[in-house]
Amino acid sequence: NPQARVVQVRVAGTDGLVAPQDLADGLRWAAGLSVPGVPLNPHPARVLNLSLYADFIPLTGCDGRVQAAVDAVTARGALVVAGAANDGADASGYTPAGCRNVLTVTSVTEDGRRPSYANWGARVALAAPGGEPGHGIVSSSLSGPAGERSPNGTSFAAPHAAGVASLLFGLKPTLTPAQVRNLLTRTATPFPGGH
(Lines give C-alpha, C1' and ligand atoms only; values in the text may rest on other atoms or scores of the structure.)
Protein backbone atom coordinates (compact mmCIF):
# COMPACT_ATOMS: atom_id res chain seq x y z
CA ASN A 1 0.00 0.00 0.00
CA PRO A 2 1.93 3.06 -1.19
CA GLN A 3 -0.25 5.34 0.97
CA ALA A 4 0.47 3.46 4.20
CA ARG A 5 2.79 4.69 6.92
CA VAL A 6 4.69 2.12 8.95
CA VAL A 7 4.95 2.53 12.71
CA GLN A 8 7.50 0.22 14.31
CA VAL A 9 6.86 -0.94 17.86
CA ARG A 10 9.45 -2.93 19.77
CA VAL A 11 7.95 -5.42 22.20
CA ALA A 12 10.91 -7.80 22.66
CA GLY A 13 13.59 -7.40 25.28
CA THR A 14 17.24 -7.09 24.37
CA ASP A 15 17.38 -10.91 24.54
CA GLY A 16 14.76 -11.16 21.78
CA LEU A 17 12.11 -12.63 24.07
CA VAL A 18 8.58 -11.19 24.25
CA ALA A 19 6.92 -10.82 27.66
CA PRO A 20 3.11 -10.98 27.48
CA GLN A 21 2.60 -7.65 29.28
CA ASP A 22 5.04 -5.92 26.93
CA LEU A 23 3.14 -7.36 23.97
CA ALA A 24 -0.19 -6.21 25.41
CA ASP A 25 1.18 -2.70 26.03
CA GLY A 26 2.69 -2.59 22.53
CA LEU A 27 -0.63 -3.54 20.96
CA ARG A 28 -2.49 -0.85 22.87
CA TRP A 29 0.09 1.82 22.09
CA ALA A 30 0.24 0.91 18.38
CA ALA A 31 -3.52 1.35 18.03
CA GLY A 32 -3.50 4.72 19.81
CA LEU A 33 -4.75 3.56 23.19
CA SER A 34 -3.22 4.80 26.42
CA VAL A 35 -0.42 2.94 28.17
CA PRO A 36 0.62 4.15 31.64
CA GLY A 37 3.83 6.19 31.60
CA VAL A 38 4.00 6.51 27.82
CA PRO A 39 2.78 9.36 25.58
CA LEU A 40 -0.03 8.51 23.17
CA ASN A 41 0.95 7.28 19.71
CA PRO A 42 0.31 10.23 17.35
CA HIS A 43 -0.06 7.83 14.38
CA PRO A 44 -2.46 5.03 15.45
CA ALA A 45 -2.29 1.92 13.27
CA ARG A 46 -5.27 0.28 11.57
CA VAL A 47 -3.35 -2.96 10.88
CA LEU A 48 -1.01 -4.51 13.44
CA ASN A 49 1.32 -7.18 12.07
CA LEU A 50 2.62 -9.54 14.76
CA SER A 51 5.28 -11.83 13.34
CA LEU A 52 6.08 -13.11 16.82
CA TYR A 53 4.71 -14.96 19.80
CA ALA A 54 4.84 -14.33 23.53
CA ASP A 55 7.43 -16.13 25.63
CA PHE A 56 7.42 -17.04 29.34
CA ILE A 57 3.97 -18.69 29.17
CA PRO A 58 2.76 -22.23 28.48
CA LEU A 59 1.54 -22.98 24.95
CA THR A 60 -1.97 -23.76 26.15
CA GLY A 61 -3.96 -20.84 24.74
CA CYS A 62 -4.07 -17.09 24.47
CA ASP A 63 -2.68 -15.17 27.43
CA GLY A 64 -5.46 -13.15 29.11
CA ARG A 65 -3.48 -9.89 29.12
CA VAL A 66 -2.86 -10.12 25.39
CA GLN A 67 -6.46 -11.16 24.70
CA ALA A 68 -7.72 -8.07 26.54
CA ALA A 69 -5.38 -5.88 24.47
CA VAL A 70 -6.47 -7.55 21.21
CA ASP A 71 -10.12 -6.98 22.13
CA ALA A 72 -9.42 -3.32 22.94
CA VAL A 73 -7.56 -2.57 19.71
CA THR A 74 -10.18 -4.42 17.67
CA ALA A 75 -12.91 -2.32 19.28
CA ARG A 76 -10.83 0.74 18.33
CA GLY A 77 -10.99 -0.38 14.66
CA ALA A 78 -7.58 -2.01 14.21
CA LEU A 79 -7.04 -5.45 12.69
CA VAL A 80 -4.49 -7.71 14.39
CA VAL A 81 -2.66 -10.06 11.99
CA ALA A 82 -0.34 -12.70 13.47
CA GLY A 83 1.98 -15.36 12.16
CA ALA A 84 0.86 -18.84 13.21
CA ALA A 85 4.43 -19.76 14.41
CA ASN A 86 6.86 -22.34 13.13
CA ASP A 87 6.67 -25.45 15.29
CA GLY A 88 4.48 -27.65 13.07
CA ALA A 89 1.86 -27.55 15.84
CA ASP A 90 -1.68 -26.36 16.51
CA ALA A 91 -1.58 -22.54 16.56
CA SER A 92 -4.37 -22.32 19.16
CA GLY A 93 -1.87 -22.69 22.00
CA TYR A 94 0.17 -19.66 20.96
CA THR A 95 -0.19 -15.99 21.90
CA PRO A 96 -1.27 -14.04 19.83
CA ALA A 97 -1.97 -16.65 17.09
CA GLY A 98 -4.45 -18.45 19.33
CA CYS A 99 -6.31 -15.32 20.43
CA ARG A 100 -9.85 -14.39 19.38
CA ASN A 101 -10.16 -11.43 16.98
CA VAL A 102 -6.75 -12.20 15.43
CA LEU A 103 -6.31 -12.96 11.74
CA THR A 104 -3.82 -15.83 12.09
CA VAL A 105 -1.76 -16.59 9.00
CA THR A 106 0.26 -19.72 8.25
CA SER A 107 2.76 -20.28 5.45
CA VAL A 108 2.51 -21.89 2.04
CA THR A 109 5.21 -22.96 -0.36
CA GLU A 110 5.48 -21.97 -4.04
CA ASP A 111 3.01 -24.74 -4.94
CA GLY A 112 0.47 -23.60 -2.34
CA ARG A 113 1.06 -26.32 0.26
CA ARG A 114 1.70 -25.83 3.97
CA PRO A 115 5.35 -26.61 4.80
CA SER A 116 5.98 -28.96 7.71
CA TYR A 117 7.28 -26.19 10.00
CA ALA A 118 4.13 -24.03 9.68
CA ASN A 119 1.59 -24.19 12.51
CA TRP A 120 -1.96 -25.15 11.61
CA GLY A 121 -5.40 -25.55 13.21
CA ALA A 122 -8.79 -23.97 13.69
CA ARG A 123 -7.34 -20.56 14.68
CA VAL A 124 -5.56 -20.26 11.32
CA ALA A 125 -7.66 -18.12 8.99
CA LEU A 126 -5.37 -17.71 5.97
CA ALA A 127 -2.12 -18.84 4.41
CA ALA A 128 0.32 -16.72 2.44
CA PRO A 129 3.79 -17.18 0.94
CA GLY A 130 6.24 -18.04 3.67
CA GLY A 131 8.64 -20.25 1.80
CA GLU A 132 10.39 -23.39 2.89
CA PRO A 133 13.98 -24.30 3.72
CA GLY A 134 16.08 -23.63 0.65
CA HIS A 135 13.28 -21.67 -1.03
CA GLY A 136 12.51 -18.76 1.27
CA ILE A 137 11.09 -15.31 0.73
CA VAL A 138 13.65 -12.96 -0.82
CA SER A 139 14.04 -9.93 1.42
CA SER A 140 16.42 -7.04 1.93
CA SER A 141 19.02 -7.59 4.62
CA LEU A 142 22.02 -5.73 5.95
CA SER A 143 23.64 -9.07 6.81
CA GLY A 144 22.87 -11.02 3.63
CA PRO A 145 25.12 -11.32 0.58
CA ALA A 146 24.42 -8.49 -1.90
CA GLY A 147 21.95 -7.06 0.64
CA GLU A 148 19.47 -9.96 0.37
CA ARG A 149 18.60 -13.16 2.14
CA SER A 150 15.85 -15.77 1.76
CA PRO A 151 14.44 -16.80 5.15
CA ASN A 152 11.23 -18.76 5.58
CA GLY A 153 8.46 -18.84 8.17
CA THR A 154 5.04 -17.61 9.10
CA SER A 155 6.71 -14.30 10.03
CA PHE A 156 6.99 -13.71 6.29
CA ALA A 157 3.44 -14.91 5.54
CA ALA A 158 1.63 -12.61 7.99
CA PRO A 159 2.91 -9.35 6.40
CA HIS A 160 1.45 -10.43 3.05
CA ALA A 161 -2.02 -10.57 4.62
CA ALA A 162 -1.38 -7.37 6.61
CA GLY A 163 -0.44 -5.57 3.40
CA VAL A 164 -3.64 -6.63 1.65
CA ALA A 165 -5.65 -5.59 4.72
CA SER A 166 -3.95 -2.19 4.57
CA LEU A 167 -4.95 -1.84 0.93
CA LEU A 168 -8.58 -2.65 1.80
CA PHE A 169 -8.66 -0.10 4.62
CA GLY A 170 -7.08 2.41 2.21
CA LEU A 171 -9.79 1.82 -0.39
CA LYS A 172 -12.63 1.93 2.12
CA PRO A 173 -11.65 3.43 5.51
CA THR A 174 -15.08 2.70 7.00
CA LEU A 175 -14.46 -1.06 6.95
CA THR A 176 -14.34 -2.77 10.33
CA PRO A 177 -11.67 -5.35 11.25
CA ALA A 178 -14.35 -8.06 11.02
CA GLN A 179 -15.32 -6.95 7.52
CA VAL A 180 -11.71 -6.97 6.33
CA ARG A 181 -11.16 -10.40 7.87
CA ASN A 182 -14.32 -11.65 6.14
CA LEU A 183 -13.25 -10.23 2.77
CA LEU A 184 -9.83 -11.85 3.03
CA THR A 185 -11.04 -15.27 4.16
CA ARG A 186 -14.03 -15.37 1.80
CA THR A 187 -11.91 -14.65 -1.27
CA ALA A 188 -8.95 -16.93 -0.46
CA THR A 189 -8.17 -20.00 -2.57
CA PRO A 190 -8.63 -23.26 -0.64
CA PHE A 191 -5.59 -25.43 0.11
CA PRO A 192 -4.88 -28.11 -2.50
CA GLY A 193 -6.65 -31.26 -1.35
CA GLY A 194 -8.75 -29.30 1.17
CA HIS A 195 -6.11 -29.03 3.92
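The values are calculated or read from the model by the stated rules, or taken from the named source; none is laboratory data. Source: prediction; values computed, not measured. Because the Cβ atoms are built from the backbone with ideal geometry, glycine has one as well, and the counts that use them run over all protein chains shown. Side chains are part of the model used for accessible areas, which takes the heavy atoms of the whole protein and leaves out ligands, DNA and RNA. Shrake-Rupley method; radii C 1.70, N 1.55, O 1.52, S 1.80 Å.
State in Å² the accessible area per residue of the chain; use a 1.4 Å probe, count heavy atoms of protein chains only, and round to the nearest integer. Write down the numbers at each step before the final one.
Details: 10320 Å² over 195 residues.
Each residue of the chain exposes 53 Å² on average to a 1.4 Å probe.
Computed in the context of the full set of protein chains, the accessible area of the range 1-80 at 1.4 Å probe radius has 55% of its extent on carbon or sulfur.
As an exercise, use a Förster radius of 35 Å and the Cβ-Cβ distance of Arg10 and Ala122 to find the FRET efficiency, rounded to the nearest 0.05. Using R0 = 35 Å, I get an efficiency of 0.70.
If R₀ is 22 angstrom, what is the calculated FRET efficiency for the pair Thr174 and Ala72, using the beta carbon separation as r and rounding to 0.05? Mind showing how you got there, number by number?
Numbers: r = 20 Å, r/R0 = 0.92.
E between Thr174 and Ala72, to the nearest 0.05, is 0.65.
Roughly what % antiparallel, to the nearest 5, for the DSSP beta bridges in the chain?
Within the chain, antiparallel bridges account for around 25 percent of the total.
Relative to a virtual label point 7 Å from the Cα of Leu142 in the Cα→beta-carbon direction, which members of the range 16-57 show backbone nitrogen distances below 17 Å? Counting only backbone N, you get 16.
With the helix formula -39500 (n - 2.57) applied to DSSP H stretches of n ≥ 4, the chain reaches a computed 222 nm mean residue ellipticity of -8000 deg cm²/dmol.
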